[in-house]
Amino acid sequence: MSDKNKIFIFDTTMRDGEQSPGASMSLEEKIQISRIFDELGIDIIEAGFPIASPGDFEAVTAISKILKNSIPCGLSRASKKDIDACHEALKAAPRFRIHTFISTSPLHMKHKLNKSPEQVLDAIKESVSYARNLTDDVEWSCEDGTRTDMDFMCKIVELAISSGAKTINIPDTVGYTIPSEFTKIISTLKNKVPNIDKAILSVHCHNDLGLAVANSLAGVSAGARQVECTINGIGERAGNAALEEIVMAIRTRNDLMPYSTGIKTELLSKASKIVSNATFPVQFNKAIVGKNAFAHEAGIHQDGMLKNRETYEIMTPESVGVKKTSLVMGKHSGRHAFKEKLNDLGYVDITDDVIQSAFGKFKILADKKKHVYDDDIAALVDDSMVLDKNVINLKSLKVFAGTGEPQRADMTLDVYGEVKKTSETGDGPVDAIFKCIKVLYPHDVKLQLYQVHAVTEGTDAQATVSVRIEEKGKTTVGQASDTDTLVASANAYLSALNKMIIKRNKTNAPIEHETKKMKGI
Ligand code: KIV
Ligand code: ZN
């Protein structure tokens, strides 16, 4: 396949993806995500918006230092201050990209920027050439591109290229376009912009109408050679185009879309899991990475599958890294076998402390539960990685639930090294548990989400609980698993609370920062 059919994958999970409510990630989580993205074969990783917050600046700096293959990128508005912050955060990397954008639709220019089209033209010229003096890899985006006047768009794209942009990104910022219209936009740019062959055209689609992936693929078919997307499709509002869907659509329908990406698809499930652990759970029926994506329930389908898998399977679970759930280990399995198993499951760079803690939990689980599956083990390791950094930990919990009595929880917590106890009643056992935590560590957060999923099947299955909390506009998500749903609930809440404490502690920028709320994208 010739190079002209190579599609560059630009991931924005840690920038646009992080703009989803509840998806903010800690520095450690971003580093873990970057490592798997680097291995996955992502071409460009947009690691954050350095001017937006000290956390973003720190993350972009740290990520720029660790990537081996992928090119790190930072976002900036059309301002020298933003571009300088980007440069400062990225400059440790041998190669890096500065991505600068400005709104170009009549609506945005008038109401958001309060600028005339001429002023926007000046800003494009100035910002792109300024960035180009700092790196030869400059990407420029016309925000709200799909609602921009087409003649104006041709003019500004030509200007951005002549000012030094090597990649021109056309965002469907509000998820408004449809495939036939987007095809026309990309084809018009290809046909009418005189210097278009000097740049790579990119697409960046939001999913407000559920069309982000379809629109991105329409853009590719019309000549775009970079797709901006996120793992699990997370992103502002209804999200961005899902990376795993774009890549697997191209791979599965290569007869109609003869393009290639450098993605090692066998790592998609692992990448999805790492991102969902840091953000929020993936819906069960999500294409490619949902729990049910390869599950065949109807008898008639199962019968077909037994005769020939292709009857109902357009891609194999193995091709995206889903291994058949196997009955793995029992209570007699040793530490060595456990470590091997973790390797098999893709946990390669975890510390001995995490392995030790997960192994201890595995032994307890194997005593309680007849069958220990791969998913159970993965849940234990994920839990151990989170608990590693907590400053508040659950020491013990007793819950009195059932009919008649008010439900009560007796709890002991380790709060910054001090052991504290309480007993509280509540409107149900979970309410009593959360009240205990509030009494032992007084705080004022709103519970936004409480969700329970079974990790595997059967009444002895572990439950994974996800909790999202909010404090002064900041949200964090915690997850925990246990065969006891109430213990998992306490740990999930504590995990979200521990993350909130880390977030609170990150104050005062190394450079002048602005809040994400101000950036208006
Ligand atoms: O959706 C959008 O317009 C963006 C740009 C900053 C590329 O995210
Ligand atoms: Zn976006």
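Couple of notes before you dig in:
- C-alpha long axis of helix 374-387 to longest principal axis of the chain, angle in °: 80
- Translational diffusion coefficient (Stokes-Einstein; Kirkwood radius from C-alpha pairs) of the stretch 3-278 at 10 °C, 1.306 mPa s, in µm²/s: 87
- Between 0 and 90°, nearest 10: helix 117-132 axis offset from the chain longest Cα axis: 70
- Judged by the gyration tensor of its Cα atoms, with axes a ≥ b ≥ c, the stretch 194-327 is prolate; a/c meets the 1.5 cut and a/b is the larger of a/b and b/c.
- Of the peptides 372-383, 193-204, 311-322, the order by per-residue mean of other Cβ atoms within 10 Å, starting with the highest, comes out as 372-383, 193-204, 311-322.
- Table column - 3J(HN,Hα) (Hz), the stretch 193-200, Karplus curve with 6.51, -1.76, 1.60, x for Gly and Pro: 7, x, 9, 4, 5, 8, 9, 9
- Stokes-Einstein D for the stretch 389-519, Kirkwood Rh over Cα pairs, 10 °C, 1.306 mPa s (µm²/s): 101
- Helix-only CD estimate at 222 nm, as mean residue ellipticity for the chain, using -39500 (n - 2.57) per DSSP H run (n ≥ 4): -12000 deg cm²/dmol
- Computed on protein heavy atoms with a 1.4 Å probe, the accessible areas place Ile124, Ile300 in the order Ile300, Ile124, largest first.
- The fraction of accessible area contributed by carbon and sulfur in the chain is 52 percent, rounded to a whole number (1.4 Å probe; ligands and nucleic acids excluded).
- Considering only Thr135, Phe434, Gly334, the residue lying farthest towards the positive end of the dipole of the chain is Thr135, judged by Cα position with unit charges set on Cβ.
- At most 11 other Cβ within 10 Å, DSSP loop - GluC sites (Glu not before Pro), the stretch 422-497: Glu457
- Candidate cross-link partners of Lys472 among the lysines, defined by an alpha-carbon separation under 16 Å and a same-chain spacing of 8 or more, comprise Lys446, Lys499, Lys503, Lys506, Lys516, Lys517.
- Ranked by how many other beta carbons lie within 10 Å on average, peptides 144-151, 391-398 from highest: 144-151, 391-398
- A simple charge model with +1 on the Cβ of Lys and Arg, -1 on the Cβ of Asp and Glu and nothing else charged puts the dipole of the chain at about 400 debye relative to its Cα centre.
- Rounded tilt (10° steps) of 243-252 against the dominant C-alpha axis of the chain: 80
- Take each peptide in 80-86, 237-243, count the other Cβ atoms within 10 Å of every residue, and average; sorted highest first, the result is 237-243, 80-86.
- When the Cα atoms of the stretch 279-429 are aligned to their principal axes, the ranges along those axes come out at 59, 44, 32 Å in descending order.
- Ser20 long-range amide H proximity, modeled H, under 5 Å: Gly235, Glu236
- At R0 = 30 Å, FRET efficiency that the Cβ-Cβ distance of Lys472 and Phe400 yields, to 0.05: 0.30
- DSSP-defined beta bridges in the chain - what % are antiparallel, rounded to 5: 50
- Reported to the nearest whole Å, the Cα centre-to-centre distance from the stretch 1-42 to the stretch 421-486 is 29.
- Nitroxide proxy distance, nm - points 7 Å out along Cα→Cβ at Asp344 and Asp431: 4.5
- Coordinate range along principal axes, alpha carbons of the chain, Å, largest first: 73, 61, 43
- The stretch 165-281: antiparallel DSSP beta bridges as a percent of all, rounded to 5: 10
- FRET E, pair Asp303, Asn254, Förster distance 30 Å, beta-carbon r, rounded to 0.05: 0.55
- Of all DSSP-defined beta bridges confined to the stretch 3-278, some 5% are antiparallel rather than parallel.
- Distance distribution P(r), the stretch 68-155, all Cα-Cα pairs, bin width 10 angstrom from 0: 18, 46, 27, 9, 0 percent.
The values are calculated or read from the model by the stated rules, or taken from the named source; none is laboratory data. The model shown is predicted, which means the values in this text are computed figures rather than measured ones. Backbone-built Cβ (ideal geometry, glycine too); neighbour counts: all protein chains shown. The accessibility values were calculated without ligands, DNA or RNA, using every heavy atom of the protein model including side chains. Shrake-Rupley method; radii C 1.70, N 1.55, O 1.52, S 1.80 Å.
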